[in-house]
Amino acid sequence: MKTSRKSSASNPAAKSKKSIQNRVRLALGIVFLLVFSLLYYSFDIEPYQIRTEQVSVNMENARESLRIAVFSDTHLKKNYPAAALWNVVNALNAQHPDVVVFLGDLYDDYDNWHDDPAVIEALRAIQAPLGKLAVWGNRDYGGGAEKAYLSILDQSGFTLLQNSNWYIPVCSSHSVLFTGLDDAIFGHPFYPEETQVYDNSLKILLMHEPDQFADYTGYGTDLAAAGHTHGGQSLLIPASWRSRDLQSRFNKGMYEENGESLYVTSGIGTTHISARFLMPPSITIITAGLNCASSSSPSAS
Ligand SMILES: [Fe+2]
């Protein structure tokens, strides 16, 4: 045995083999650590770190402005409950918006998990002196959500726009118009006919799925806002690899279509895989300029 150990220790080939084995073990350890860190960050850190994005519209020569806070796709579920929603509420209230808009997909799967009283308590705490608006998302239909959605919003102080308009008078003869469309997958969206009758200093169009935007251009919309895509939930996953829900040529950010502008938010929650990587949840503050002849401030209708 003594002879054998001496022979092995002095053998260059055995030394080299042992060195390679150590390097492989080290490399595997580093890879394991990286993968574990990546998964931990993607599942447990980034989905709960809300960013605030800023967008402006119609600000040239504007004397007044309106702060519109947008959030979307909360996808509430067991691992993203009402307790997590309070982070969104606090982020929204910290921005002191005039109007708050929710672009749909409140629950991820109402049939499997819901907690209406706690959700209502959180949503009700969102403060917006000129109003809180919402539209339908595809997840707000089905599994019992369709019956609950309107009731939850109503008890939380939100007005649900379903192919309908909502106005804020801002000057003696002008108003800001919000038009909300029905969901494009399970609803029946159409542009409300009466919209053209009014003289509006600003037109905001709200919808859940951005892919329907082209069908609603030509109405003089200053800015359309949509959610649904979650920004793909990760920058690293190609669009073709994502679930159909997260595929869109309008992934996240500002787009132009037929000369009109569309803003797509990355939303709040997650679906299918409860992870985000380099695509954090976000709320968006739209600063909208009001070109009023007079200098009167926005006021609620
Ligand atoms: Fe969604």
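What follows is calculated from the coordinates using simple rules that are stated; it is not laboratory data. What you are looking at is a predicted structure, and each value in this text was computed from that prediction instead of being measured. Cβ atoms come from the backbone with ideal geometry, glycine included; neighbour counts cover every protein chain shown.
Explain nothing, just compute: Karplus ³J(HN,Hα) = 6.51 cos²θ - 1.76 cosθ + 1.60, θ = phi - 60°, for every residue of the range 180-192 in order, whole Hz, x for Gly and Pro.
The phi angles translate into x, 9, 6, 5, 7, 8, 10, x, 9, x, 7, 7, x Hz.
Given the chain, what percent of its DSSP beta bridges are antiparallel, to the nearest 5?
About 40 percent, rounded to the nearest 5.
With θ taken as phi - 60° and the coefficients 6.51, -1.76 and 1.60, list the Karplus ³J(HN,Hα) couplings across the range 158-167 in order, rounded to whole Hz; mark glycine and proline as x.
Here the 3J(HN,Hα) series is 9, 9, 8, 9, 10, 6, 9, 10, 8, 10 Hz.
Tell me, in nm to one decimal, what length is gained between SER173 and ALA214 on full extension, where the rule is 0.36 nm per residue of separation less the Cα-Cα distance?
11.8 nm
Let's see if you can work this out: charge +1 on each Lys and Arg Cβ, -1 on each Asp and Glu Cβ, no other charges. What is the dipole magnitude of the chain about its Cα centre, in debye to the nearest 20?
Here the chain has a charge dipole of around 3100 debye.
Below 24 Å Cα-Cα, how many Lys pairs turn up in the chain? Only count pairs eight or more apart in sequence, or on different chains, if you could.
Close lysine pairs found across the chain: 14.
Placing +1 at every Lys and Arg Cβ and -1 at every Asp and Glu Cβ, with all other atoms neutral, what dipole size does the range 10-96 have around its Cα centre, in debye to the nearest 20?
Using Cβ point charges on Lys, Arg, Asp and Glu, the range 10-96 gives about 900 debye.
In which sequence would ARG51, ARG139, ARG67 go, from the one with the fewest C-beta neighbours within 10 Å to the one with the most?
Listed from fewest to most nearby Cβ atoms, that is ARG51, ARG67, ARG139.
For the chain, modelled as a GNM with alpha-carbon contacts under 10 angstrom, which of SER37, SER65, SER201 fluctuates the most?
Its mean-square fluctuation being the largest, the pick is SER37.
Running a GNM on the chain with Cα contacts under 10 Å, which residue among GLY231, GLY259, GLY269 ends up with the highest mean-square fluctuation?
Looking only at GLY231, GLY259, GLY269, the biggest GNM fluctuation is shown by GLY259.
Taking the Cα centre of the range 40-84 as the origin, how large is its charge dipole in debye, to the nearest 20, when only Lys and Arg (+1) and Asp and Glu (-1) carry charge on their Cβ atoms?
With only Lys, Arg, Asp and Glu charged at Cβ, the dipole is about 160 debye.
What order do you get for 204-212, 39-47, 217-225 when each peptide is scored by the mean count of other beta carbon atoms within 10 Å, highest first?
Highest to lowest by the protection proxy: 204-212, 217-225, 39-47.
Taking neighbour counts of Cβ atoms within 10 Å as a proxy for exposure, in what order, fewest first, do LYS147, LYS77 appear?
Fewest to most other Cβ atoms nearby, the residues stand as LYS147, LYS77.
Which whole number of Å³ per residue matches the convex hull of the alpha-carbon atoms in the range 47-126?
Cα-based convex hull of the range 47-126, divided per residue, equals 89 Å³.
Using θ = phi - 60° and the Karplus curve 6.51 cos²θ - 1.76 cosθ + 1.60, what whole-Hz ³J(HN,Hα) does each residue of the range 74-86 get, with Gly and Pro shown as x?
Once rounded to whole Hz, the list reads 5, 6, 4, 7, 4, 9, 9, x, 4, 4, 6, 4, 5.
If R₀ is 30 angstrom, what is the calculated FRET efficiency for the pair GLN95 and PHE36, using the beta carbon separation as r and rounding to 0.05?
0.25
Which Rg and Dmax, in Å, describe the Cα atoms of the chain?
25.1, 103
Long-range amide H contacts for SER234: which residues qualify at under 5 Å (H placed 1.01 Å from N, peptide plane, sequence gap of 5 or more or a different chain)?
PHE277
Dividing the alpha-carbon Rg of the range 44-90 by 2.2 N^0.38 Å yields what?
1.59
Can you give me the long-range amide H partners of THR159? Hydrogens built in the peptide plane at 1.01 Å from N, cutoff under 5 Å, separation of 5 or more residues or another chain.
HN-HN under 5 Å from THR159: LYS132, LEU133, ALA134.
Would you be so kind as to identify which of PRO97, ASN163, GLY289 lies farthest towards the positive end of the dipole of the chain, taking Lys and Arg as +1 and Asp and Glu as -1 on Cβ and the Cα centre as origin?
Result: PRO97, furthest along the dipole toward the positive end.
Going by average Cβ density within 10 Å per residue, which order do the peptides 274-280, 12-18 take, highest to lowest?
My ranking of the peptides, most packed first, is 274-280, 12-18.
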